[in-house]
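Contents: one structure, followed by commentary.
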Amino acid sequence: VKQEGLRFVEQELHNITVSDLHGSEGQFQYNISQVKVTDLQLAFSDLNFQPQQHLVFDINNASISLRFRRQLLYWFFYDIGSINASADGVHIYTVLQLAKDEAGRLKISNMTCNASIARMHAGFSGTLRKVYEFLSTFIVTGMRFLLSQQICPSLEHASLVLLNSLLDTVPVRNYVDEHIGIDYSLLRDPSISTDTLDLDFKGMFFPRVREDQELENHAVEPVIKETERMVYVAFSEYFFDSAMHSYFQAGVLTIELQGEKIPKDLEVLLRATFFGTIFMLSPSVDAPLRLVLQVSAPPRCIIKPSGTSVSVSAFLNISLVPPDRPPVQLSSMAMETKLSAKVFLQGKALRVQLDLRRFRIYSKQSALESLALFSLQAPLKTLLQLTIMPIINERTKKGVQIPLPEGMDFTREVVTNHAGFLTVGADLHFSKGLREVIEKYRPVPTATAYSSSRPAEPSLDPSSL
C-alpha cells in the first residue's frame, strides 16, 4: 500500500500547476511561466497508522526538478529561454482521517497537510546570465513559495476527491442474485492502532422481497489474532445463517424432481414400497412419481475448529401425478441432514462447497411407518448426493464478493476455522494502479465542484515572500 501510495503521490505532484511569476526590480522586468515538474525523488517516505482514525504519509528530504520559461526585459535588451531549477529538502507531512459515511462506506473525511522546501536552486544561461543571477534571489524565492503553496492543495484534492472515488468502488449493499442481497456497510468508524486497521462490517444477507428485514445476531464476536498475512477477514456463523435465512424467506429452498429426473432404480423401489397405497388410491399405477424436497426451517451453520457444517430440516413429499388429474400424495416424511461445508476464497469471491455427511428420514405420522421407510434411507441418500447436492452447489458456485476496492486482489489465501467463526487471511496485490481505477471512475466535474476543489491562487506580492 505504501509503494502504490507513493507512486500515486508522485503522479499527483508531477501534475502540479504553478502560476506565472512576474515582477520588476528597477529597470529589470521578469516573467516566469510554463512551470513543469520534470523529475521527483521521493526516496525517504513512510506510511504508518496513527491511533485512533488516521493514516500518516510522511515524505522527508525529497527533491523536485522543475523547468520553466523565462522572459527578461532590461532597457532595450530582451531575453527569452528556459531555466532548470531544483527544490531540495522537500518535506511533506500528510494526515488522513478515516471514517464511515452515511451509507456505511469507508471514506477519507478530513486531511491535514504541511509542506516545506529547505532549498531551491536555479541554473541560468544565455546573454543575460549575470542579470539573472542578480535577480535569482527574487525568482528562486518566489518559485519556492509558489511551489510549496501548491503541494498541499494538490494532495488534498487527490485524497478527498480522487481516493474517495476509489473507495466508492467498494461494495456496500449489493444484490447477490435475483433472490437475496448483502449489506456490507460499516457499523462504526474504523479503529486504528499502531499496527492494524480494523473495520467492522455488518455482513448480513437480506431477501430482496423484504430488504428492510433485520436478523438478530447471536453469534460470537470474532477475534483475529493471526498476523502472518496482510489482511484477515473474519466471518461469524451469523454471516452464513443470514444467507440461508434470506433464501428461506425468499421461498426458494425447494427442489422438485419428476419423471426422468428421478433415478430409475429409486422409482422402482418407491413403487414397490407404496404399491398398496398406489393401488388403493389410484387405478393409474403407471402415473409418474413426483418428489418435492422443501426445507422446513432456516438452516443453521455451525463453525468449529474441526470444520464447518450446516444442519437442515426438510420435508420430502412423494406423490403420484396422473395426467389431467390432481396429484395423489403417497407419503410425507421428515428429513434431517447435516452437510459439511468447505469454505474457500477464489479471487474476491467467498465460495462454499457442500457435501452430505449425515441423513435421516422418519414419518410424521407414526413410528411404524418410520420403520417401513428404513429401506428408503440408503437410496434417498444416494439421490441427495447424486442429484440434489450438485443443484445446490451450482447455486453457491458464484459465491459472494468480499468488499475490496477495484484493482486490489488477494494472494496466498488461507482459511482457518475457530470456535464460532472462520478467518480468511491473504496478502494484497494491486492488479491495477490507483491512477488507473481513479481515471475509470473519475467524477464528471461541474462548475461548482471545480471551483471548490481548485487550489487557491497564491499572492505574488514580493513583500509576502
F68 vs. criteria assigned to a strand (DSSP E or B) and touching a residue at least 40 places away in the same chain (Cβ under 8 Å)
yes
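Matching residues to (1) modelled with pLDDT of 90 or more; (2) within 29 Å of the chain's Cα centre (by Cα); (3) surrounded by 14 or more Cβ atoms within 10 Å (Cβ to Cβ):
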| residue | (1), (2), (3) |
| --- | --- |
| K304 | yes, yes, no |
| V310 | yes, yes, yes |
| R325 | no, no, no |
| L371 | no, no, no |
| I391 | no, yes, no |
Go through (1) closer than 17 Å to F138 by Cα; (2) modelled with pLDDT of 80 or more and name the single condition F28 misses.
(2)
Of the numbered conditions (1) farther than 30 Å from L47 by Cβ; (2) of a type outside the set (D, E, K, R); (3) buried (at least 16 other Cβ atoms within 10 Å of the Cβ), S185 satisfies every one except a single condition; which is it?
(1)
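Residues of the stretch 217-263 being aliphatic (A, V, I, L, M) and either closer than 27 Å to I391 by Cβ or open to solvent by 40 Å² or more (accessible area, probe 1.4 Å) (or both), which ones?
Taking the stretch 217-263 and keeping what is aliphatic (A, V, I, L, M), we get 219-220, 223-224, 230-231, 233-234, 243-244, 250, 252-253, 255, 257, 262.
Hits for the stretch 217-263 are V220, V223, I224, M230, A243, M244, A250, V252, L253, I255, L257, I262.
Regarding D241, is this residue touching a Cys at 6+ places or on another chain (Cβ under 8 Å) and outside any strand (DSSP E or B)? Quick ask: steps written out before the conclusion?
Numbers: touching a Cys at 6+ places or on another chain (Cβ under 8 Å): yes; outside any strand (DSSP E or B): yes.
Yes; evaluated as a whole, the condition is true for this residue.
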Might you check whether a residue that is closer than 20 Å to S246 by Cβ and not in a strand (DSSP E or B) occurs anywhere in the stretch 335-352?
no
If we keep just the residues of the stretch 85-125 that are part of a strand (DSSP E or B) and among the hydroxyl-bearing types (S, T, Y), which is least open to solvent (accessible area, probe 1.4 Å)?
T94
If you take the residues of the stretch 10-54 that are of a type in the set (G, A, S) and either touching a residue at least 12 places away in the same chain (Cβ under 8 Å) or under 30 Å from D189 (Cα atoms) (or both), which of them is surrounded by the fewest Cβ atoms within 10 Å (Cβ to Cβ)?
A43
Of (1) open to solvent by 20 Å² or more (accessible area, probe 1.4 Å); (2) at pLDDT 90 or above; (3) more than 30 Å from D20 (Cβ to Cβ), N174 satisfies every one except (2)
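The values are calculated or read from the model by the stated rules, or taken from the named source; none is laboratory data. Computed from a predicted structure; not experimentally measured. Here the Cβ is made from the backbone with ideal geometry for all residues, glycine too, and neighbour counts use every protein chain on show. The accessibility values were calculated without ligands, DNA or RNA, using every heavy atom of the protein model including side chains. Shrake-Rupley method; radii C 1.70, N 1.55, O 1.52, S 1.80 Å.
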